[in-house]
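The values are calculated or read from the model by the stated rules, or taken from the named source; none is laboratory data. Computed from a predicted model, the values in this text were never measured in an experiment. Neighbour counts run over all protein chains shown; Cβ positions are idealised from the backbone, glycine included.
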Amino acid sequence: MPGPSSKDPLAVSTPPGLGGRAGKGRLAIIAGGGRLPHHVADAARASGENPYIIALTGEAGDGWSGYDSRTLGIGNFRDISATFRQEGIDRVVLTGGVQRRPEWRDIRPTLKTLSRVPAVLKTLISGGDDAVLKMAIALIEASGARVIGVQDIVPALLAEIGPIGRIAPDGDDLRDIAVATAAANALGALDVGQGAIAVGGRVVALEGPEGTDAMIARVAGLRRDGRISQRRRGVLVKLCKPQQDLRADLPSIGPSTVESALAAGLAGIAVEAGRALVLERAATIETADRSGLFVTGLDRTQPLS
C-alpha cells in the first residue's frame, strides 16, 4: 500500500512495532456485531491483558458483563477519546461487523479532529468501506492510541495456505477459484467488496454493501430459479482489497458461511492465506467436512495448482 500523503488530512501511517505492547497502557476493543469481538477479548485476557470494551450502539451483541465496558455510538469520537484518557488506553483493536454508517448528526469530534469534519462527511457520503475504515483509524490515532490488527492479538485465526480440513478443491474448482479471484481483486480495487462467486468458469455474483451472506443467498435464489447450472457447483472467494489497511475488516468466514455455501450448492470456499480469518475453526472444519465442502487458503502471489 502506498505511503500516506502529507497533504491528505485523513492519511494513516503504520506505527513501528505495531504488534508489540508499548509501555503499560491498556488495550481497548471497539466491538461491532458477531462473535469475533468475543474471540479477541478472550484471547487478549488469556495473554494477560485487561481489555476495555467499547460496544458500538446498535451493532455489538450482549455478553460483556465480565469485562469493563461502555456503549458508545460509532461516530462519538469525543467520548471515545475521553474513555481512552480515563482508562489509560494506548492500543485499540477494531472488531466485528458494522451494518450502518454513521450519519452527519452522529459525528461528535474532539477539538483535535474538528478541522477534519468536512473531510469526514465527504468520506461518509462518497467513500467505500475501506476509505471509511481508514478515516476511522486516523481519527482514533489522533486521540493518541495506536490501532493494531486482530491478527496481532489472535494470530491463530489467520488462514494458512492449502486445505483447511480434509477436502481439497479439484480441477474444476481451481478454475472457478481463478475466475472468482480475478473478480474479487477487481471489485476490491474499486473499494466495493471482498468476495466473488464463480460457477462453471463464469462470475455469477459480486459482494456489495449487503455483505457475504446476502451474496450467497442471492446465488442460492438464482440456482433455484434455474439461472445457474444445477450441475456445476462453483466457489466463493474472499480476499483483502488490494489497498486495504490490514488493521481492520479482514475477510472472515465461519461455520455459518459454510452452511450458506452448502445451501447455495457451492463446492467450497477459498480465502486469502495470512490475510483472512477463520472463526470457530474446529466448528468450521467439522461443518465443511461433514457437508463435503472444501475450505482452502490462497496465496494470491502464486499460481493455483
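Quick notes
- Ala205 vs. criteria part of a strand (DSSP E or B), surrounded by 22 or more Cβ atoms within 10 Å (Cβ to Cβ), outside the structural domain of Arg45 (by TED's automatic domain parsing) and among the small types (Gly, Ala, Ser): yes
- Test: residue in region 108-127 that is modelled with pLDDT of 90 or more, farther than 27 Å from Pro209 by Cβ and not charged (D, E, K, R): no
- Per-region count, region 217-234, residues of a type in the set (A, V, I, L, M), in contact with a strand residue (DSSP E or B) (Cβ under 8 Å, 6 or more places away or on another chain) and not in a loop (DSSP other than H, G, I, E, B): 2
- Selection within region 46-80: residues that are under 19 Å from Ile137 (Cβ atoms) and more than 23 Å from the chain's Cα centre (by Cα). The member of this set that is modelled with the highest pLDDT is Asp79.
- Scan of region 144-171 for residues that are farther than 18 Å from Pro37 by Cβ and surrounded by 16 or more Cβ atoms within 10 Å (Cβ to Cβ), ordered by number: Arg146, Ala159, Pro163, Ile164, Gly165, Ile167, Pro169
- Screening Ile228 on (1) in contact with an Asp or Glu (Cβ under 9 Å, 6 or more places away or on another chain); (2) β-branched (Val, Ile, Thr); (3) buried (at least 18 other Cβ atoms within 10 Å of the Cβ) shows it passes everything except condition (1).
- Single condition Ala214 does not satisfy, out of (1) within 16 Å of the chain's Cα centre (by Cα); (2) surrounded by fewer than 18 Cβ atoms within 10 Å (Cβ to Cβ); (3) assigned to a loop (DSSP other than H, G, I, E, B): (3)
- Within region 136-169, considering residues that are under 17 Å from Glu49 (Cα atoms) and in a loop (DSSP other than H, G, I, E, B), the one nearest to the chain's Cα centre (by Cα): Gly149
- Among the candidates Asp191, Asp176, residue that is assigned to a loop (DSSP other than H, G, I, E, B), under 22 Å from Arg300 (Cβ atoms) and in contact (Cβ under 8 Å) with a residue 12 or more places away in the chain: Asp191
- Residue ranges of strands (runs of 3 or more DSSP E) in region 21-96 with at least 2 members in contact with a strand residue (DSSP E or B) (Cβ under 8 Å, 6 or more places away or on another chain), of a type in the set (Asp, Glu) and not assigned by TED's automatic domain parsing to the domain that holds Asp249: none
- In region 252-305, residue surrounded by the fewest Cβ atoms within 10 Å (Cβ to Cβ) [restricted to those that are in contact with a Lys or Arg (Cβ under 9 Å, 6 or more places away or on another chain), part of a loop (DSSP other than H, G, I, E, B) and among the charged types (D, E, K, R)]: Arg300
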